[in-house]
Amino acid sequence: MKIIEVENLSYSYDGVNPAVSGLSFSVEEGQYCALIGHNGSGKSTLAKLLTGLISGYQGSIRLFGTELNPKTLYSLRSRMGIVFQNPDNQFVGSTVRDDIAFGLENRCVRREEMDGIIRKCAQEAGMENFLDAAPENLSGGQKQRVAIAGVLAMRPDILIYDEATSMLDPKGKKEILELTRKMREGNPKLTIISITHDIEEAATVDEVLVLNGGRLILSGAPKEVFSHREELGKIHLDAPFYVNLIAALKDKGVAVPDTVGSLAELEEFLCR
Ligand SMILES: Nc1ncnc2c1ncn2[C@@H]1O[C@H](COP(=O)(O)OP(=O)(O)OP(=O)(O)O)[C@@H](O)[C@H]1O
Ligand SMILES: [Mg+2]
């Protein structure tokens, strides 16, 4: 089932310069997608459009098979979770506990259940010792963890991370990516859109979407998208390590078969 269907989507903040332009793509239920592109390419704008935070666009957005419009906005949004790029813009509670509780209250979760959910999500995001802290006093990475805990508590069907781990240290980032994978194992229907500058993360997903100047210039499985090394290079995007390594090996005359499409497969080929 197609969970996100976007057709000919265009939007301009100032009515002159397009932030996104003529976007058409769809995402299957349960897919893990990476949305990549350099600064200003329209990634956050697309995330805001998908979550109904910006209106006045041209084209159409269908979520869960339903057209996004002012009438359907509330019910569609209740099934989506987004962690924004700037963690300072997303706190409503005066403590971490209140902040996570806020979303649950909106969903009418009963008080007796709430404490357990808050504790579990805070623990999963590594913030269980900060439940009484004020979000504004946390570090950037800690704020991102709280935002992630808040979104986990909502159990969304579509999860959008807008560079949600950009301030985490490498270990923290790995932990959150593993946690996200675990969430998917628990709910195979969970669809994830991860906006990221981390090409190595993008190499491990189901589908990669590449934006440039507000346009979708490449999409497909990582293996297919990252085979366009030159095109990506022109827009200052690197290919994952394994793709560059294969190219270097081929330059040296090593006949790496085209079927090799990940670091694990390359390791297997080299160790044969
Ligand atoms: N609130 C705004 N008002 C006016 N223009 C905006 C606004 N937000 C973004 N833009 C413009 O829209 C374009 C797309 O910006 P967007 O934030 O979607 O890019 P991005 O791909 O998320 O970039 P980054 O990697 O830096 O986060 C840019 O040219 C940007 O200057
Ligand atoms: Mg952005």
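Odds and ends about this structure:
- Taking all protein chains together and rolling a 1.4 Å probe, Glu112 ends up with roughly 130 Å² accessible.
- Distant-in-sequence amide contacts of Ile82, defined by a placed amide H-H separation under 5 Å and a gap of 5 or more residues or a different chain, comprise Ile160.
- Degrees between helix 140-153 axis and first principal axis of the chain (Cα, 0 to 90, nearest 10): 70
- Remark: the chain is approximated by an ellipsoid whose semi-axes, taken from the C-alpha gyration tensor as √(5λ), come to 33, 24, 17 Å, largest first.
- Ranking Ser94, Ser194 from most to least accessible surface, computed with a 1.4 Å probe over the protein chains only, gives Ser94, Ser194.
- Approximate spin-label separation Lys182-Ala134, in nm, with each point projected 7 Å along Cα-to-Cβ: 3.2
- Counting 0.36 nm for each residue step from Arg119 to Thr204 and taking away their Cα separation leaves a gain of 27.6 nm.
- Helix 111-124 axis versus longest C-alpha principal axis of the chain: approximately 30°, rounded to the nearest ten.
- Taking every protein chain into account, the accessible area of segment 80-155 amounts to 51 square angstrom per residue (probe 1.4 Å).
- Long-range HN-HN contacts of Leu35 with modeled amide H, under 5 Å: Ser194, Ile195, Thr196, Leu209
- Within the accessible area of segment 80-155 (1.4 Å probe), percent carbon and sulfur: 44
- Taking the average, over residues, of other Cβ atoms within 10 Å as the packing measure, peptides 58-71, 141-154, 37-50 rank 141-154, 37-50, 58-71 from highest down.
- Alpha carbon convex hull of segment 142-272, volume per residue in cubic angstrom: 138
- Sorted largest first by accessible area at a 1.4 angstrom probe radius, with every protein chain in place, the residues Tyr11, Tyr32 fall in the order Tyr11, Tyr32.
- Convex hull (Cα only) mean projected area of segment 1-75, reported in nm² to one decimal: 5.1
- Between 0 and 90°, nearest 10: helix 96-106 axis offset from the chain longest Cα axis: 80
- Dipole in debye (nearest 20) - the chain, about Cα centre, beta carbon charges: Lys, Arg +1; Asp, Glu -1: 360
- Full-extension gain in nm, Lys174 to Asn8, via 0.36 nm per residue minus C-alpha separation: 56.2 nm
- Sorting 156-169, 115-128 by their mean Cβ neighbour count within 10 Å, with the most densely packed peptide first, gives 156-169, 115-128.
- The alpha carbon centroids of segment 1-44 and segment 115-187 are separated by 25 Å.
The values are calculated or read from the model by the stated rules, or taken from the named source; none is laboratory data. Keep in mind that this is a model prediction, so the values were computed, not measured. Cβ sites come from the backbone with ideal geometry, for glycine too, and all protein chains shown count toward neighbours. For the accessible areas, the whole protein counts, side chains as well, though only heavy atoms, and no ligand, DNA or RNA atoms are used. Shrake-Rupley method; radii C 1.70, N 1.55, O 1.52, S 1.80 Å.
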